[in-house]
Amino acid sequence: MNNIIQQHLINFTTKLIKNVEETISKEWDLTKLVDVVKKMTDELGANIIKDFLEELDKTIKEDEKRKKGWVVERKDKKKIVTMLGEIEYARTYYKSKKNGEYRYLLDEIIGISKHEKVDKEVKIKLVENAINMSYEESSKITCPEKLSRQTVFNAIRQVGEVEVKREVKEKRKVRVLYIEADEDHVALQDGKKEMPRLVYIHEGRQSKNGRNELKNVYYKAYVGVEAEEIWIDVANYVYDNYEIESIEKIYIAGDGARWIKEGMEWIPKAKFVLDRYHLNKYIIRGTAKREEYRQKIWGAINEGDKKVLREIFKELINIAETKTEKERAKEARRYILNNWEGIVIYKEDEDVIGCSAEGHISHVLSARLSSRPLGWSKEGLKIMAKLRVFSRNGGNLREISIYKEDIETFKLNKKKIKETIKRINNSSREGINNITILNIGKVTPMYKILKSIKYENII
């Protein structure tokens, strides 16, 4: 062990100085220099971990508790991808005296499950990065080892459809509650389209650091789910988190789609509010060749005068020069009249605020799901939509049960582990003390690095 640790340190420092000198002698910048040093420190870290694991395996082998319950079967090697790169270490395979089961006791102690080839932290990082970038990009920046897109997807599948569950100690009391909803349009691998739906619940807007933001907002995403199921789920969230009796008004805002309006059947005290972004979109489309009519239409809307609005559109349709122009005007009229109550409510109810669903669907879902020309699998789309809102709700992947799984069946006394660490530490210091350059005392770059290592704990 002494010679191994010593050799790691000598190799590291020798290569470090050489590579740094080569880097700065050429065209270089800080980024390149950091990259060179990081690769070398990652390699050193991987080698130290390998040696520690193998030393710990020896400790298990010598342990009296182990000898009473487990028989040595053989010794072989394990490869696992970590944040430091791939680590290959030797460990012992045991057979239980009690029931004949076979186990790698070392793997159990360090939390590596059977057939696991990628460390949990790597999986977490792969998923965290994939929430905001492609599988390929996630693989590139997560760890030194090249991992396939399938590996990234497997990590995502392992996470599954996660959701942040808010701990409710006491239900919130609010006078007004807002629910906004919209949908994205995403291409699937089979050429079909899927429409992930986003619903978020909040308590209005508040100013924070000079910016307006939604108060106590909570996001939900749905893929391939019927409207009834969506709104039952949303209603359950409202009932679980709010004192219904204290709520005077609930507004459901969106673009007027049938599935959004269906929410009023499930949410108590709910009123519909039309998203003005979509309203304006229809008005612009319906007056494409007659821009002078836009102000007239908005005037009738702001006054809440449906009769005047009908007259404006009648005139607009009559003067239309093409069939397309006429149909677009009719479409705009139909859209406005079908959503009339959700439009005039802005004038009639002072608690109504503007709907920001279009912006939220863009940032929460579209930015990852539909902004790039790629086709999703149904499963991948569903999980990713859930992950996007999971992240938005402040979720932490490290708190998910699959990453907290306790697979340990054999326990090693903490004293034994500390003794293992001490042995490595002592051997490391002995190795450093035997390095010639330190004993000479000549102040060189290598001397400074090695000396700094000498007076720090190795492990």
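Every number in this text was worked out from the coordinates using simple rules, so none of it is lab data. The model shown is predicted, which means the values in this text are computed figures rather than measured ones. Here the Cβ positions follow ideal geometry from the backbone for every residue, glycine too, while neighbour counts run over all protein chains shown.
Here are some notes:
- The Cβ shell under 13 Å around Gln206 holds other residues with a net charge of +2, Lys and Arg each +1, Asp and Glu each -1.
- Listed from fewest to most Cβ neighbours within 10 Å, the set His360, His185 follows the order His185, His360.
- Chymotrypsin sites (Phe, Trp or Tyr not before Pro) restricted to DSSP loop in region 341-391 with at most 14 other C-beta within 10 Å: none
- Low-density loop cleavage sites - GluC sites (Glu not before Pro) in region 248-308, where at most 15 other Cβ are within 10 Å (DSSP): Glu248, Glu291
- Along its first, second and third principal axes, ordered by size, region 176-392 spans 51, 48, 37 Å in Cα coordinates.
- Vicinal HN-Hα couplings computed from phi for region 179-192 (Karplus, 6.51 cos²θ - 1.76 cosθ + 1.60; Hz; Gly/Pro x): 10, 10, 8, 7, 9, 9, 10, 10, 7, 9, 5, 8, x, 7
- Cross-link partners of Lys114 among lysines (Cα-Cα below 19 Å; sequence separation of 8 or more within a chain): Lys50, Lys75, Lys77, Lys78, Lys79, Lys95, Lys123, Lys404, Lys411
- Sorted ascending by nearby beta carbons within 10 Å, beginning with the fewest, Trp70, Trp340 become Trp340, Trp70.
- Qualifying trypsin sites (Lys or Arg not before Pro) in region 187-269, where qualification requires a DSSP coil assignment and no more than 10 other C-beta atoms within 10 Å, comprise Lys192.
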